[in-house]
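Readers should treat all values here as calculations from the given coordinates under stated rules, not as data from a laboratory. From a predicted model like this one, the values you see are computed outputs, not experimental measurements. Every residue, glycine as well, gets a Cβ built from its backbone with ideal geometry; the counts of neighbours run over all protein chains shown.
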Amino acid sequence: MSSNPPVLVVVHQATSNPGRVGEVLRDLGFALDIRCPALGHPLPANLDRHSGTVVFGGPMSANDDHLDFIGQELDWIALALAADKPYLGICLGAQLLARTLGASVTAHPTGQREIGYYPILPTPAGQELLPGPLMVYQWHQEGFTLPTGSHLLATGPTFPHQAFRYGRRAYGLQFHPEITAAMVNHWTTEGADQLAHAGAQGRAYHLSQHRLYGAAVERWLRQFLAEWLGATAQAEAAWGEHHSRYARHCRAQGAEILVPSRFPNASRIAPGPGPQTMTETG
């Protein structure tokens, strides 16, 4: 059993799924304490028993002050920041963080949306977070201004504020690194009406682009979450186990692959005998 305190996971619908973020956190040895304030779940009075917090997205706006839980989360995020524990906001979670810090959350001035895969680029301050361009999954119609005192880490052509850091440990990401193939399929089915809006990509493009870019985002996510939580040693072991399963399948097929990893102990895996099994992911 892990000795790490759990990571608090805040979601906004009964059907919400922490996706790849949840998988990676568990691989790193962290249990998930999942709560949904929209369903009346209380947030902890302090973070003494948690390693950090991830606040995910949702269909509501950070400006929906008529929803009681939005006000509760805005107040609670201030408490989380004061605790100086790792905080990660994704999409709505980033917009709530930005608003807590005094920034504005608004729609694009021309009504454009980002729904699908789009490129982001590191800023000079963001080279450590994002060494180069990355194609990432987006699903939003609002963005945020940059909070005073924060550092812009990544930008994009339509919504320029894609990632920022406030203080040492609080990050906001406009995009969705948690997305899996199953989630892309679900979102583009249940939210098919959203794909008709200006700037949105078609369902087939979502699926094909995820096959092209999903693995690269996962590699980036594993590195980021490990460093964010100070768990790089656990990350290397978990990443090695993750790819050993994939390698066994490739050996069974007589294939040669290069293990894609930003961790230093990645190696080339040559063909060889192995069990005729494959672990499904995504």
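Enumerate the residues in the stretch 82-98 having an amide nitrogen under 20 Å from the point lying 7 Å beyond the Cα of H151 toward its Cβ. Label zone hits: 82-90, 94-95, 97-98.
Spacing of the modelled spin labels on A181 and T110, each 7 Å from Cα toward Cβ, amounts to 3.5 nm.
With the charge dipole of the stretch 168-232 set up from +1 on Lys and Arg Cβ and -1 on Asp and Glu Cβ about the Cα centre, the Cα lying farthest toward the positive end among the listed residues L207, G191, P177 is that of P177.
Other residues lying with their Cβ under 13 Å from the Cβ of L47 contribute a combined charge of +1, Lys and Arg counting +1, Asp and Glu -1.
With a cut-off of 15 Å between beta carbons, the residues surrounding S150 carry a summed charge of +4, where Lys and Arg count +1 and Asp and Glu -1. Sorting the segments 139-152, 160-173 by their residues' average number of neighbouring beta-carbon atoms within 10 angstrom, most packed first, yields 160-173, 139-152. Q201 sits among other residues whose Cβ lies under 11 Å from its own Cβ, and their net charge, with Lys and Arg +1 and Asp and Glu -1, is +1.
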